[in-house]
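K.L.:
Before I ask anything, here is the structure I am working with.
Every read-out reported here was derived from the displayed coordinates using simple, explicitly stated rules and does not represent laboratory data. Worth saying up front: this structure is predicted, and the values here are computed from it rather than measured. Cβ atoms come from the backbone with ideal geometry, glycine included; neighbour counts cover every protein chain shown.
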Amino acid sequence: MQGPLARSIRDLRLSLDAMSARDARDPLWIPLSPVNVPNAGPTKVALFDEWEDCKADPQVADAMKKSAQWLEDAGYVVERAAPPFFREATQLWLRLVLNEGRFGMNQAIQQFGDDAIKKSYSAKDGLSPELDYETFVKELALRSKYLRAWNEFFEKYPVLLLPSCWKQPFPIDADLRGGNAFVELADAQSPQLSTPIMGLPGVAVSTGLADGVPMGVQLVTARFEEAKALDAAEVIEARAPKVEVIDPKF
């Protein structure tokens, strides 16, 4: 078959190959270029700046507010909206990832880890009961349920603006304080747990400094539509104060 259609398909494949170089290290790599479906009107952004399970630090709330304003100034339509199953997705990450860790990571930590990592890991280990095979499979099915709801959410709001963490950067060894320390850390870092368990792309972008430490926000989109997150991140990056290289604070 050598007609115009065949040549067009061949040219398209060559173009896709050029735009999407294979990375053998990524087992989920697919031979497609990033999807960037244009919106019918101004891009709607869901602002998720309040969560009842963990109150945002004032500095985090301020970074969210400024980022939302910068996006609105650039023509985005920003509305407060909470994504579905946010708490449930966070808990799913903990149950699945911590149980996977029991199959290999725990042995490696016990064999090679120092006292600090052993103490930290032991605190994590108590957050999730050990799952049997049947329960683990059912948990994976929940992932599909949550992702379906999030996909519908992104139909209305192509971009989700939320914190990278509900709290300011933690001091060193914050996970070694004992008690409920790791539970508090997990709640604070829920924006970094709920989205990756569903394979959603996101980008963190700086908003400047607060009290001398870096601050930023996170932008998340539906799978394969990370171009929308990168476009919004570029808007915020262009307006945020530039952060100079500083000495680490201990």
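K.L.:
Quick one: which residues, 5+ away or cross-chain, put their amide H under 5 Å from the amide H of residue 208? H built at 1.01 Å from N.
P.N.:
215
K.L.:
Right, here's the next one. If a/c stays under 1.5 just call it rounded; otherwise compare a/b with b/c (prolate if a/b is bigger, oblate if not). Do that for region 64-198, with a ≥ b ≥ c from the square roots of the Cα gyration tensor eigenvalues.
P.N.:
Because a/c hits 1.5 or more and a/b fails to exceed b/c, region 64-198 counts as oblate.
K.L.:
Under a point spin-label approximation (7 Å from Cα along Cα-to-Cβ), what is the residue 87-residue 111 distance to one decimal in nm?
P.N.:
Computed distance between label sites residue 87 and residue 111 equals 4.0 nm.
K.L.:
Could I ask something else about it? Of the options 181, 48, 120, report the single residue whose Cα projects farthest towards the positive end of the charge dipole of region 39-239 (beta-carbon charges: Lys, Arg +1; Asp, Glu -1).
P.N.:
48
K.L.:
Using a 10 Å cut-off on Cβ atoms, rank the peptides 47-56, 223-232, 136-145 from the highest mean neighbour count down.
P.N.:
223-232, 47-56, 136-145
K.L.:
If I model a spin label at residue 170 and residue 155 as a point 7 Å from the Cα along the Cα→Cβ vector, what separation in nanometres do I get?
P.N.:
3.8
K.L.:
Taking a cut-off of 24 Å between Cα atoms, list the lysines near residue 167, but don't count ones fewer than 8 places away on the same chain.
P.N.:
55, 65, 66, 119, 124, 242, 249
K.L.:
Report the extension gain between residue 231 and residue 122 in nm, rounded to one decimal, defined as 0.36 nm multiplied by the number of residues separating them, less their alpha carbon distance.
P.N.:
35.2 nm
K.L.:
For residue 30 paired with residue 79, estimate the spin-label separation in nm (one decimal), with each label point 7 Å from Cα along the Cα-to-Cβ line.
P.N.:
Here the answer is 2.8 nm between the modelled labels.
K.L.:
Same structure, new question: Would you pull out the residues with amide H under 5 Å of residue 82's amide H, same chain only if 5 or more places away, H placed 1.01 Å from N?
P.N.:
Result for residue 82 returns nothing.
K.L.:
Here is a follow-up. Efficiency by 1/(1 + (r/R0)^6): what FRET value for residue 44 and residue 65, r their Cβ-Cβ distance, R0 = 22 Å, to the nearest 0.05?
P.N.:
Calculated transfer efficiency: 0.80.
K.L.:
Continuing with this model, one more query. Looking at region 39-239, what % of its DSSP beta bridges pair antiparallel, to the nearest 5?
P.N.:
Given both bridge residues lie in region 39-239, the antiparallel proportion sits at roughly 65 percent.
K.L.:
Compute the signed sum of charges (Lys and Arg +1, Asp and Glu -1) over the other residues within less than 14 Å, Cβ to Cβ, of residue 240.
P.N.:
-1
K.L.:
If contacts are Cα pairs under 8 angstrom and at least 6 residues apart, what is the relative contact order of region 39-239 in percent?
P.N.:
So the answer I get is 30 percent.
K.L.:
Return the sequence-ordered ³J(HN,Hα) values of region 232-238 in whole Hz as given by the Karplus equation 6.51 cos²θ - 1.76 cosθ + 1.60 applied to θ = phi - 60°, using x for Gly and Pro.
P.N.:
5, 5, 5, 4, 5, 4, 5
K.L.:
I need the semi-axes of the equivalent ellipsoid of region 93-147: take the C-alpha gyration tensor, multiply each eigenvalue by 5, square-root it, list largest first in whole angstrom.
P.N.:
Taking √(5λ) for each Cα gyration eigenvalue gives 25, 11, 9 Å.
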